[in-house]
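*Asks:* Okay, here's the structure, questions in a sec.
The values are calculated or read from the model by the stated rules, or taken from the named source; none is laboratory data. These numbers were taken from a predicted model, which means no experiment stands behind them. Here the Cβ positions follow ideal geometry from the backbone for every residue, glycine too, while neighbour counts run over all protein chains shown. Each accessible area value is taken on the protein alone, full model and side chains, heavy atoms only, with ligands, DNA and RNA left out. Shrake-Rupley method; radii C 1.70, N 1.55, O 1.52, S 1.80 Å.
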Amino acid sequence: MSDALAWNTYARTRPERRPVNAAGQPTWFNWTQYPDHGPGAELLGLPAGGTALDLGCGKGGNVAHLATLGVRATGVDISPAQLDAARVRWGGTPGLSLARAEAHDFLRGAGEKWDAIYSVYGVVWFTDPAVTLPLVRERLRPGGVLAFSQRPPTPGCYGCQASYIPRGDDEDPLVVKRWDHEPETWRKLLHESGYPDVSARVLPAPPGRRKVGTLIITARA
Ligand SMILES: C[S@@+](CC[C@H](N)C(=O)[O-])C[C@H]1O[C@@H](n2cnc3c(N)ncnc32)[C@H](O)[C@@H]1O
């Protein structure tokens, strides 16, 4: 469970989601690393009363938002610290379930299928897609959607990369693996894993000094 330790450390460095967004709403869906930017829950195309699974839900803001829309929404995360924060803020939201598990273990043990499975800078980025994409495919209902967002690759740096989670000045950072690919490579990997209909793009950053966009992918089973 060294990844859980790393992600607990990460959890301590991350601020809580704001009480309301720029529109004054208490819950919202954010696919990008920028506030009030990019698409929302409509990307998942969920039917009324549909089901969704958030892989690497973190502090739970996105999955809680889906629950407020009437979706039966489940968030899974490997980090007890992330989930504790999610439970403090969103526990008791009708339609929301939160589970502590490693995502591959959770998917292998799941007895149900979902209309949408998604990852926002989450499990699809931090696990081997050769394992994750087919496992998710098995847990999607016919026509279900896998959607994920993450930072686009640094040009020339593809495949498994090291992500460093800082601790203190006198401690080495913790390291987790992540998988970086160009949209075209994701499209190929998804086709090979049983998703015939894929949209893959990099959404540009909002106007300002920061230039890195967001890789956003939706794939229909
Ligand atoms: C960068 S955070 C993003 C959290 C959240 N989706 C958000 O947008 O704020 C990545 C999350 O994925 C979780 N995670 C990473 N690998 C995981 C795995 N194999 N199984 C379950 N959760 C995992 C981490 O604990 C962490 O909460």
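*Asks:* Among residues belonging to the stretch 79-101 that are within 12 Å of the ligand (Cβ to nearest atom) and aliphatic (A, V, I, L, M), point out the one that is surrounded by the most Cβ atoms within 10 Å (Cβ to Cβ).
*Replies:* Restricting to residues being within 12 Å of the ligand (Cβ to nearest atom) and aliphatic (A, V, I, L, M), the top hit is 86.
*Asks:* With the condition kept exactly as written, say whether any residue in the stretch 132-150 is within 18 Å of the chain's Cα centre (by Cα), touching a residue at least 40 places away in the same chain (Cβ under 8 Å) and part of a loop (DSSP other than H, G, I, E, B).
*Replies:* yes
*Asks:* Which one of these does residue 12 not meet: (1) surrounded by 13 or more Cβ atoms within 10 Å (Cβ to Cβ); (2) farther than 16 Å from residue 90 by Cα; (3) in contact (Cβ under 8 Å) with a residue 40 or more places away in the chain?
*Replies:* (1)
*Asks:* Please find, within the stretch 57-70, the residue that is nearest to the ligand (Cβ to nearest atom) out of those that are surrounded by fewer than 24 Cβ atoms within 10 Å (Cβ to Cβ) and of a type in the set (A, V, I, L, M).
*Replies:* Here the answer is 67.
*Asks:* Right, here's the next one. Which of the numbered conditions does residue 194 fail, given that it passes all the others? Conditions: (1) modelled with pLDDT under 95; (2) in contact with a helix residue (DSSP H, G or I) (Cβ under 6 Å, 6 or more places away or on another chain).
*Replies:* So residue 194 meets the others, but not (1).
*Asks:* Additional query: Any chance the stretch 89-102 includes a residue that's in a loop (DSSP other than H, G, I, E, B) and either among the basic types (Lys, Arg) or in contact (Cβ under 8 Å) with a residue 60 or more places away in the chain (or both)?
*Replies:* Quick first cut of the stretch 89-102, residues in a loop (DSSP other than H, G, I, E, B) only: 91-95, 101-102.
Filter once more, so that each one left must be either among the basic types (Lys, Arg) or in contact (Cβ under 8 Å) with a residue 60 or more places away in the chain (or both): 102.
Checked against the condition, which is being in a loop (DSSP other than H, G, I, E, B) and either among the basic types (Lys, Arg) or in contact (Cβ under 8 Å) with a residue 60 or more places away in the chain (or both), the stretch 89-102 yields at least one hit.
*Asks:* Quick one: count up the residues across the stretch 196-214 that are free of Cβ contacts under 8 Å to residues at least 12 places away in the same chain and either open to solvent by 50 Å² or more (accessible area, probe 1.4 Å) or in a strand (DSSP E or B) (or both).
*Replies:* In the first step, residues of the stretch 196-214 are kept if they are free of Cβ contacts under 8 Å to residues at least 12 places away in the same chain; the result is 204, 207-209, 211.
So of that shortlist, the ones also either open to solvent by 50 Å² or more (accessible area, probe 1.4 Å) or in a strand (DSSP E or B) (or both) come out as 204, 207, 209, 211.
So the count comes out to 4.
*Asks:* Return the total of residues in the stretch 66-100 being acidic (Asp, Glu), more than 17 Å from the chain's Cα centre (by Cα) and within 16 Å of residue 118 (Cβ to Cβ).
*Replies:* Counting residues in the stretch 66-100 that are acidic (Asp, Glu), more than 17 Å from the chain's Cα centre (by Cα) and within 16 Å of residue 118 (Cβ to Cβ) gives 0.
*Asks:* Does residue 187 fit the bill of being loosely packed, with under 14 Cβ neighbours inside 10 Å and not in a strand (DSSP E or B)?
*Replies:* No; evaluated as a whole, the condition is false for this residue.
*Asks:* Quick one: in the stretch 131-152, of everything that is open to solvent by 10 Å² or more (accessible area, probe 1.4 Å) and out of contact with any Leu (no Cβ under 8 Å at 6 or more places or on another chain), which residue is nearest to residue 102 (Cα to Cα)? First the steps, then the outcome.
*Replies:* Of the stretch 131-152, the ones open to solvent by 10 Å² or more (accessible area, probe 1.4 Å) are 131, 134-135, 137-139, 141-143, 151-152.
Still in the list and also out of contact with any Leu (no Cβ under 8 Å at 6 or more places or on another chain): 131, 134, 141-143.
Values: 131: 13, 134: 16, 141: 21, 142: 25, 143: 25 Å.
Among residues in the stretch 131-152 that are open to solvent by 10 Å² or more (accessible area, probe 1.4 Å) and out of contact with any Leu (no Cβ under 8 Å at 6 or more places or on another chain), the one nearest to residue 102 (Cα to Cα) is 131.
*Asks:* Moving on. Filtering the stretch 102-127 down to residues that are surrounded by fewer than 16 Cβ atoms within 10 Å (Cβ to Cβ) and either within 21 Å of residue 29 (Cα to Cα) or at pLDDT 95 or above (or both), which residue is nearest to the ligand (Cβ to nearest atom)?
*Replies:* To start, the set of residues in the stretch 102-127 that are surrounded by fewer than 16 Cβ atoms within 10 Å (Cβ to Cβ) comprises 105, 108-109, 111-113.
Applying the additional criterion that residues be either within 21 Å of residue 29 (Cα to Cα) or at pLDDT 95 or above (or both) yields 105, 108-109, 112-113.
Values: 105: 8, 108: 12, 109: 13, 112: 18, 113: 19 Å.
Among residues in the stretch 102-127 that are surrounded by fewer than 16 Cβ atoms within 10 Å (Cβ to Cβ) and either within 21 Å of residue 29 (Cα to Cα) or at pLDDT 95 or above (or both), the one nearest to the ligand (Cβ to nearest atom) is 105.
Conditions tested, residue by residue: (1) basic (Lys, Arg); (2) within 12 Å of the ligand (Cβ to nearest atom); (3) in a strand (DSSP E or B); (4) under 21 Å from residue 144 (Cα atoms).
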{"position": "3", "(1), (2), (3), (4)": "no, yes, no, no"}
{"position": "17", "(1), (2), (3), (4)": "yes, yes, no, no"}
{"position": "22", "(1), (2), (3), (4)": "no, no, no, no"}
{"position": "37", "(1), (2), (3), (4)": "no, no, no, no"}
